[in-house]
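Report on the structure given below.
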């Protein structure tokens, strides 16, 4: 007979999964003064739907998307051909929702659902350090140990 009481369960290791663990780091970026025809060419050749716009100092100043490019194309309608003479700064979204690299991946998932966006730029001290997408969040969940998430 043992007089030892029941052992308390050992605390499980908690996985701290952050945005930084799964974000993309090698990004195609654009500059505010870049011609729109270059942006369209880059989006097509890299098979992406948009990208961050950064200043010469590496600070995030906006995001340009395929939809923004279509605005430039539509402007050419009045000339009966796409003229593509605009620059990124004229079309980019300037009020960009960003996340911190230290944000928990599950908080990022919640933000995706609330904001209904497909990706967020990841910013540290005003400078872009990466980008997190919905797909990156799903990868994180699939890699998490089911007993510790």
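The values are calculated or read from the model by the stated rules, or taken from the named source; none is laboratory data. Note that this is a predicted model, so its numbers are computed, not measured. Neighbour counts are summed over all protein chains in view; Cβ atoms, including those assigned to glycine, are modelled from backbone coordinates with ideal geometry.
Out of everything in the stretch 11-29 that is out of contact with any helix residue (DSSP H, G or I) (no Cβ under 8 Å at 6 or more places or on another chain) and at pLDDT 90 or above, what residue ends up being nearest to residue 106 (Cα to Cα)? Checking each candidate, the answer is 20. For the stretch 42-58, the tally of residues that are surrounded by 13 or more Cβ atoms within 10 Å (Cβ to Cβ) and either at pLDDT 90 or above or under 11 Å from residue 87 (Cβ atoms) (or both) stands at 7. Taking first residues from the stretch 11-38 that are part of a loop (DSSP other than H, G, I, E, B) and partners that are surrounded by 14 or more Cβ atoms within 10 Å (Cβ to Cβ) and modelled with pLDDT under 85, the Cβ contacts under 8 Å between residues at least 6 apart in sequence or on separate chains come to 15/144; 17/144. Listed by first and then second residue, the pairs linking a residue in the stretch 100-113 that is within 24 Å of residue 127 (Cβ to Cβ) to a residue that is surrounded by fewer than 16 Cβ atoms within 10 Å (Cβ to Cβ), with Cβ atoms under 6 Å apart and 6 or more places separating them unless they lie on different chains, are 101/124; 112/134.
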